[in-house]
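All of the numbers you see were taken from the coordinates with simple rules; none came from a lab. Fair warning: this is a prediction, and the values are worked out from it, not measured in the lab. Cβ: placed from backbone, ideal geometry, glycine included. Neighbour counts: every protein chain shown.
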Amino acid sequence: MTETKIKTKPILFSGVQPSGAITIGNYIGAIRNFVLLKDSYRCLFSIVDLHALTVRREPALLRRRTVELAALYIACGLDPEENLIYCQSHVPEHAELTWILSCYTYMGELSRMTQFKAKSETNSDNINAGLFTYPVLMAADILLYQTQIVPVGADQKQHLEITRDIAQRFNALYGDVFVVPEVYMHKETAKIMSLSDPSRKMSKSDPEESYISLLDSPDDIRRKLKRAVTDSDTNIAFDPENKPGVSNLITIYSALSGDSVEKTVKHFNGKGYGDLKKEVTEVVIESLKPIQDRFNELIKDKQYINGILKYNAERAGSIAQRTLRKVYKKVGLYQL
Ligand code: TYM
């Protein structure tokens, strides 16, 4: 990253959990926007491995997914020289700021988080404190870097709102310590739905048939889209409320082909669901091919990935240190 870029560009931060196969929901809702925005901002893209610990993970698999996510970020078009791609756990300031911010966050506001409520239901045998304080770690991720913009999917909007509330509360007490970040999302693509239950969002923690992974083979993609739930009607129309399955396929096609939703609907005028699924399949396979090719190259060179992660964690750490020192001073921690 050049010095000019450091001095002149506003800061963008976002993160993805290495908690499962990265899906086309993650790609269309978030990572693709990272690529579109990257030249206008100084960007940090974190592999948020600490967040992934809120659910029990197989340690070796978590490690593998972490390296894979680093390779995927790069394969999707994020140059690791221009963008800080790093692991959250390699920059201890994230955990340190989390503690401070948790003293400025209320139990009441955390208990209103819909994701906490939803995850408590799916993880009823492990409703741990990390699941509850998850948004505080997210606020720390963002506020550490004086972030102006955070591109995310719709499911993270509430976490961005609490981040802004925490920043404003802290600033009201201690002066302008944090930049209050703005959320960035595309209305049309902020929520890609599950293929097997289009009333739910596509999620990497759901069964395999419900999502398409960025690393799925063409055969897997064909099979999953063939089985994708539509409806008993035959009419191809964009109506997310009454035709969620068909509308989701239209959204995926539109996002990956670059055609607007209107143009997509016109394109399918007079065709059937079979045609829609076939063409969505083609566009998904075609869009993922260059990403998969690049990923397969990168993943062979673990030393290169490790080098990137190390170098970028150091760079992120030195920015994070500046904010953390300021925060420690403001709240009255004795410094040597
Ligand atoms: P995660 O790992 O669940 O998802 C990564 C990004 O993908 C978006 N996303 C979707 N967008 C559209 N449709 C979908 N079906 C879909 N599923 C996921 C998510 O909104 C997210 O933008 N807590 C975050 C990670 C995080 C973070 C941060 C993000 C930690 N700290 C700071 C931004 C800033 C998460 O679990 O994302």
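So what's the gap between the Cα centers of segment 199-257 and segment 108-161, to the nearest angstrom?
What the calculation gives is 26 Å, centre to centre.
Lys/Arg Cβ at +1, Asp/Glu Cβ at -1, dipole of segment 208-296 taken about the Cα centre: which of Gly274, Ser247, Thr230 is farthest positive-ward?
Farthest towards the positive pole: Gly274.
Treat every Asp and Glu Cβ in segment 208-296 as -1 and every Lys and Arg Cβ as +1, leave all other atoms uncharged, and give the resulting dipole magnitude about the Cα centre to the nearest 20 debye.
Value, rounded to 20: 180 debye.
At 7 Å along the Cα-to-beta-carbon direction for both Ser260 and Lys187, put a label point, then send me their distance in nm to one decimal.
1.3
Provide the FRET efficiency to the nearest 0.05 for the Ser199-Asp301 pair, computing r from the beta carbons and using R0 = 51 Å.
Calculated value: 0.75.
When the Cα atoms of segment 208-296 are enclosed in a convex hull and the volume is divided per residue, what value in Å³ results?
87
So what's the net charge close to Gln17: Lys and Arg +1, Asp and Glu -1, counting the other residues with Cβ under 15 Å from its Cβ?
Around Gln17, the surrounding residues sum to +2.
Work out, step by step, the length gained on full extension between Asp176 and Ala60: first 0.36 nm times the residue separation, then minus their alpha carbon distance; give nm to one decimal.
Result for the pair: 37.6 nm of gain on full extension.
Using 0.36 nm per residue, how much length does the chain from Gln158 to Asp231 gain when fully extended, once their Cα-Cα distance is taken away?
Stretched out fully, the Gln158 to Asp231 stretch lengthens by 23.2 nm.
Please give me the summed charge of the neighbours of Gln335: other residues whose Cβ is under 13 Å from its Cβ, Lys and Arg +1, Asp and Glu -1.
With Lys, Arg at +1 and Asp, Glu at -1, the net is +4.
So what's Rg/Rh here for segment 106-228, counting alpha carbon atoms and using the Kirkwood radius for Rh?
Ratio of gyration radius to Kirkwood radius for segment 106-228: 1.06.
Could you compute the longest span of the chain free of trypsin sites (Lys or Arg not before Pro) located in DSSP loops and having at most 14 other Cβ atoms within 10 Å, not counting the site residues?
113-199
In µm²/s, what is D for the chain at 10 °C and 1.306 mPa s, where D = kT/(6 pi eta Rh) by Stokes-Einstein and Rh is the Kirkwood radius from Cα pairs?
Rounded, D is 76 µm²/s.
Using Cβ counts within 10 Å as a stand-in for footprinting exposure, how do Leu160, Leu72 rank, fewest first?
Arranged by neighbour count, lowest to highest, Leu160, Leu72 become Leu160, Leu72.
Less than 24 Å apart at the alpha-carbon level, and either on another chain or at least 8 residues along: which lysines does that give for Lys266?
Lys266 reaches Lys187, Lys191, Lys226, Lys243, Lys277, Lys278.
Given the -39500 (n - 2.57) contribution per DSSP H run of 4+ residues, what per-residue ellipticity at 222 nm results for the chain, rounded to the nearest 500 deg cm²/dmol?
Dividing the helical sum by the residues of the chain leaves -16500 deg cm²/dmol.
Before anything else, pin down the relative contact order of the chain: Cα pairs under 8 Å, at least 6 apart, normalised by residue count, whole percent.
22
Could you estimate the translational diffusion coefficient of segment 1-107 from the Stokes-Einstein equation, with Rh from the Kirkwood formula over C-alpha pairs, at 25 °C and 0.890 mPa s, in whole µm²/s?
Estimated via Stokes-Einstein, D reaches 164 µm²/s.
Chymotrypsin sites (Phe, Trp or Tyr not before Pro) within segment 264-336: which are DSSP loop residues with at most 10 other Cβ atoms inside 10 Å?
Tyr334
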